[in-house]
């Protein structure tokens with residue numbers, strides 16, 4: 001008589017530049033079964049609130065709902081939100097993030113978060129009252145003014161004219177009108193997936209830290225920070241909510257601040273939200289091993305990237321966890337600090353990183369077979 005040895009739970013992100021998260025999971029599943037024939041494998045796709053969050057939600061059973069919205073510089077974009085009952089997931093990256101910039105040209109002063117607000121409005125109009133918003137991968141530094149405008153707010157200059165899109169115009173802001181905000185917001189629970197803890201303003205703020213990644217020059221950073229300060233001051237005078245100094249207010253060019261100060265949102269680490277959507281704790285019950293990973297494991301992993309979040313969840317469940325990756329810039333000690341018992345790298349099989357990128361799929365399958373033989377024997 002044999003007993004069930006327990007399954008393997010795969011929870012992986014994409015290998016950026018070579019494999020999508022779906023492809024990573026497929027190759028890992030095949031390789032694990034190569035190395036341990038008959039082993040049970042369950043899989044989830046993970047993300048941290050940026051691109052890939054919608055994919056992770058859909059793997060968890062959410063249905064895609066197509067929406068057209070404004071891209072970061074106003075061009076129409078075909079995007080979607082993911083819905084399950086009265087709950088929906090919205091991804092800023094896919095609506096109006098850096099991946100949506102035409103030709104990849106970064107527009108620090110006039111990129112807008114309006115597309116995010118348009119998708120949120122579409123979900124509210126459809127009856128959603130439990131909303132998860134992933135705000136990673138943003139292209140804008142407008143303090144969420146574009147998002148709020150799409151939800152019915154008005155931001156006016158001294159002549160009573162609505163400001164044009166983008167954070168560059170906020171220094172001309174004279175008055176704020178929040179009376180027209182979508183009425184369903186009052187009855188909607190909003191949770192924001194966010195993995196940075198920066199405040200809105202100053203040397204650690206949205207403009208100073210993230211503006212240069214979005215094309216901002218040093219002069220742009222000063223200008224954008226001044227506009228964000230003006231925006232937050234005028235909104236605080238209306239709402240009485242001082243949120244500019246709160247951790248995560250500087251996320252997504254200040255969208256984090258807008259969700260806190262105006263929408264009354266709750267913030268959680270993106271990986272925690274994605275794991276909860278996938279019922280990770282339930283899937284981990286009876287597991288023999290968790291396999292997680294992404295393309296590169298480095299010091300950023302120690303600061304809370306998705307695989308580290310999976311490691312924390314695995315330890316809570318009492319299941320050993322290993323990580324697979326294209327390359328690792330972590331020492332064995334750092335890997336253990338991040339929660340991984342062992343690291344398995346494509347570069348262990350093929351030292352040429354260019355070959356690893358080009359042949360990532362077959363190499364990952366071989367690596368997974370090695371993991372199975374080493375960990376499940």
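Every number here is computed from the coordinates shown, using simple stated rules; none is lab data. Keep in mind that this is a model prediction, so the values were computed, not measured. For neighbour counting, all protein chains shown are included, and Cβ atoms are generated from backbone atoms with ideal geometry for every residue, glycine included.
Given a Förster radius of 41 Å and the C-beta distance between residue 242 and residue 65 as r, what FRET efficiency does 1/(1 + (r/R0)^6) yield to the nearest 0.05?
Numbers: r = 36 Å, r/R0 = 0.87.
The pair residue 242/residue 65 has a calculated efficiency of 0.70.
Go ahead and estimate [θ] at 222 nm for the chain from helices alone: -39,500 (n - 2.57) per DSSP H run with n ≥ 4, summed, over the residue count, rounded to 500. Working shown, then result.
Details: 15 runs with 136 residues, N = 377.
Value at 222 nm, helices only, nearest 500: -10000 deg cm²/dmol.
Using the C-alpha atoms of the chain, what convex hull volume per residue, in cubic angstrom, is computed?
In the chain, the Cα hull volume divided by residue count equals 139 Å³.
Find how much the distance from residue 285 to residue 299 grows on full extension, using 0.36 nm per residue of separation minus their present alpha carbon separation; answer in nm with one decimal.
Here the segment from residue 285 to residue 299 would lengthen by 2.1 nm.
Quick check on the chain: of the DSSP beta bridges with both residues there, what percent are antiparallel, nearest 5%?
Numbers: 17 of 52 bridges.
Once the DSSP bridges in the chain are tallied, antiparallel ones form about 35 percent.
Report the percentage of all Cα-Cα pairs in segment 53-271 whose separation exceeds 22 Å, rounded to a whole percent.
Details: 10244 of 23871 pairs.
Beyond 22 Å sits 43 percent of the P(r) for segment 53-271.
Assuming R0 = 30 Å, can you tell me the calculated FRET efficiency for the pair residue 355 and residue 315, based on Cβ-Cβ distance, to the nearest 0.05?
0.30
How many percent of DSSP beta bridges within segment 53-271 run antiparallel, rounded to 5?
55 percent
Specify the residue with the greatest mean-square fluctuation among 138, 18, 158, computed from a Gaussian network of the chain linking alpha-carbon atoms under 10 Å apart.
158
When only C-alpha pairs under 8 Å and at least 6 residues apart count, what is the relative contact order of segment 53-271, in percent?
For segment 53-271, the relative contact order is 20 percent.
Given contacts defined as C-alpha pairs under 8 Å and at least six residues apart, what's the relative contact order of the chain, whole-number percent?
Details: 916 pairs, mean separation 73.3, N = 377.
Normalised by residue count, the contact order of the chain is 19 percent.
Report, in whole Å, the centroid distance computed from the Cα atoms of segment 222-297 and segment 156-216.
14 Å
How large is Rg over Rh for segment 185-320, taking Rg from the Cα atoms and Rh as the Kirkwood inverse mean of 1/r across Cα pairs?
Radius of gyration relative to Kirkwood radius: 1.08.
Would you order 331, 175, 140, 43 from fewest to most other beta-carbon atoms within 10 Å of each residue's own beta-carbon? Spell out each step's value before the answer.
Values: 331 10, 175 13, 140 35, 43 21.
Ordered from fewest to most neighbouring Cβ atoms within 10 Å, 331, 175, 140, 43 come out as 331, 175, 43, 140.
Can you compute the equivalent ellipsoid semi-axes for segment 218-258, i.e. the square root of 5 times each eigenvalue of the Cα gyration tensor, sorted largest first and rounded to whole Å?
18, 13, 7
When 220, 370, 315 are ordered from fewest to most other Cβ atoms inside 10 Å of their Cβ, what list results?
Ordered by Cβ neighbours within 10 Å, fewest first: 315, 370, 220.
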